Amino acid sequence: MRVVCVLKSGGEYDAEWVRKLRDGVARNTTIPYTFQCLSDVDVPCERIPLRHDWPGWWAKLEVFRVVDGPTLYLDLDTVVTGSLDHLADIQSDFAMLRNFNNPQMVGSGVMWFRKPLRKVYDRFCERPYKWIQYHEERRDGTYLGDQAFIWDSLGRQIDRLPMETIKSYKYHCTKGLPENTSLVCFHGLPKAPDIKTDWMEAHWK
C-alpha cells in the first residue's frame, strides 16, 4: 500500500504536519507500505515534487497524476488513532469519504485508490483556472473545491469509504474518542493543535 499526502506552501500547514501524519501512519500500520508527500517544499519523507502551482486544495488533484496502484490518500489535518491495515482490503477501485456535513456528497479528506484514475487529473489540466472559477462561482454548501470537481468528473458515481472507523472530530469526538476509530478528520474548525486531550496527545505527536 502507498500512503500519500499533499503539502502546498503558503497555507496554514507546514512540514511538521507531514511528520505527525507520517509517524501516526507508522504507529498504526503493520502491512508493507510507503509514505510519500506531494509538495513544493522540503518534507520529512519521500517527496514527489508538485508539477503545478495550483492554489490551496486544488493541488490535491495531482494525486490523481501519481497513483499507479493501491493508494490511501490522507489530508494533513487527519489524525491516525488506530490500525489502517483494514483499509487496504477495500475492494472499490476508488472510494471517498461520505461527507460529514452532507451524506449525499463526498469528501476528499480521505480517498482510496485500487487502480490509477488519471482521467480526473487530465480533465483538470485541460483548463485548470477555468475549473477553479467555475467552482468558486457555483460553490454551495459542501459542493465546493476539489471534491466537487472529482464528484462531477466521475459522473457523481463514487463509492463511499466504510465509515465505521473514520470519524469527524466535531461530530463524533468532542466527548472522547469512540472505540475502534482509525482516523479522525478535522474538517473546518477546530484544528488538531486546538485540542488538548489525552487521546490527542497520544496520537498526534
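Quick one: in region 21-32, of everything that is buried (at least 18 other Cβ atoms within 10 Å of the Cβ) and out of contact with any His (no Cβ under 9 Å at 6 or more places or on another chain), which residue is nearest to D194 (Cα to Cα)?
Once the filter is applied, the top-ranked residue is L21.
Find all pairs meeting these conditions: Cβ atoms under 7 angstrom apart; at least six residues apart or on different chains; first residue within region 9-29 and under 16 Å from L183 (Cα atoms) and at pLDDT 95 or above; second residue in a helix (DSSP H, G or I) and not aromatic (F, W, Y).
Going by the 7 Å Cβ cut-off, the qualifying pairs are G24/H203; T29/D85.
What residue, of K60, K8, is within 13 Å of the chain's Cα centre (by Cα), of a type in the set (K, R) and under 23 Å from K130 (Cβ atoms)?
Only one candidate qualifies: K60.
Under 7 Å between Cβ atoms, at least 6 apart or on separate chains: pull out the pairs that start in region 134-154 with a residue that is under 15 Å from N99 (Cβ atoms) and end on any residue that is surrounded by fewer than 14 Cβ atoms within 10 Å (Cβ to Cβ).
Filtered contacts from region 134-154: G141/N102; T142/N101; T142/N102.
The values are calculated or read from the model by the stated rules, or taken from the named source; none is laboratory data. Treat the numbers as computed from the prediction; the structure is a model and nothing was measured. Note that each Cβ is placed from the backbone with ideal geometry, even for glycine, and that neighbours are counted across all protein chains shown.
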